[in-house]
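One structure is given here, and the rest of the page talks about it.
What follows draws every value from the coordinates through simple rules; no lab data is involved. Here the structure is a predicted model, which is why all the values come from computation and not from measurement. FYI the Cβ positions are ideal-geometry reconstructions off the backbone, even for glycines, and counts take in every protein chain you see.
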Amino acid sequence: MTQDELKQAVARAAIDYVVDGEIVGVGTGSTANFFIDELGKIRDRIKGAVASSEATAARLKSHGIPVLDLNEVERMSVYIDGADEIDHGGAMIKGGGGALTREKIVASVADKFICIADESKLVDVLGKFPLPVEVIPMAGKSVARALAALGANPVLRMKDGQPYVTDNGCHILDAASLQIRDPKALEQQINQLAGVVSVGLFARQGAAVCLLGTATGVKTLAF
Ligand code: 5RP
């Protein structure tokens, strides 16, 4: 099976977690895109969705799925999204697609984070994938120095020769060379740096379930 086929398989499996008549929180990225395509097939069963990025909102709308502002929504049963890495405790690195802040906000309103990922994303120790940190642009250098003091090798994310700009008008530092043995503590530590909007560590509120696409089928990991 190709990686895309594994992503498609977990996206299909995630439909079982969607609650009829409710609003669904929807993530960003290639796996989330497969999920949106599946959600489009059952759009009459749900009230609508809250999107974690402009790209996700556009794709949801293209399927005729109503997109709600989070301020109109009090709770959701599930938030469904991919991850760049997930460990055996349900802690994740996210933000490879640049949507970490809105992903964290939408996920915080959901009862359960359902992670959908192919098996390459499951790791023993988080950190091989550079940890994305969204920063207010004027704090790029000061936060980079603070991340370096924590042992990371931070690099400003670029696009077309310019700093990458998030949906929130901010920049992203990708912090490489970390071996994250205590994800909850590091999440809290980086959150407290002045100028950090959010860090792509989802550990304090990690995944409740991971649907993992493997060559032998979709495995369900519950945390
Ligand atoms: C976007 C994310 C994505 O969930 C993460 O990058 C995984 O993406 P993909 O499903 O394309 O592998 O956090 O900000």
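For the reader, a short list of remarks on this structure follows.
- Dimensions in Å of the chain - Rg and Dmax from alpha carbons: 16.8, 51
- Rg [Å, one decimal], Dmax [Å, integer] - the stretch 101-209, C-alpha atoms: 13.9, 40
- Centre separation in Å (Cα based) which lies between the stretch 68-122 and the stretch 196-216: 6
- Here the stretch 79-202 is treated with +1 on each Lys and Arg Cβ and -1 on each Asp and Glu Cβ, and its dipole about the Cα centre works out to around 400 debye.
- No disulfide-compatible partner, judged by a Cβ distance under 4.7 Å, exists for the following cysteines of the chain: CYS170.
- Considering only GLY151, ALA57, SER30, and ranking their Cα positions along the charge dipole of the chain that arises from unit charges at the beta-carbon of Lys, Arg, Asp and Glu, the one farthest toward the positive end is GLY151.
- Which of VAL106, ILE93, PRO132, positive extreme of dipole for the stretch 64-166 (C-beta unit charges): PRO132
- Each of the peptides 4-13, 77-86, 173-182 was scored by the mean count of other Cβ atoms within 10 Å over its residues; in descending order, highest first, they stand as 77-86, 4-13, 173-182.
- Restricted to Cα atoms, the stretch 1-93 shows a radius of gyration and a Dmax of 12.9, 40 angstrom.
- DSSP beta bridges fully contained in the chain are about 60 percent antiparallel.
- Distance between the pseudo-spin-label points of GLN188 and MET1 (7 Å out from Cα toward the beta carbon): 3.8 nm.
- For VAL155 and ILE42, a Förster radius of 30 Å and the Cβ-Cβ distance give a FRET efficiency of 0.15, rounded to the nearest 0.05.
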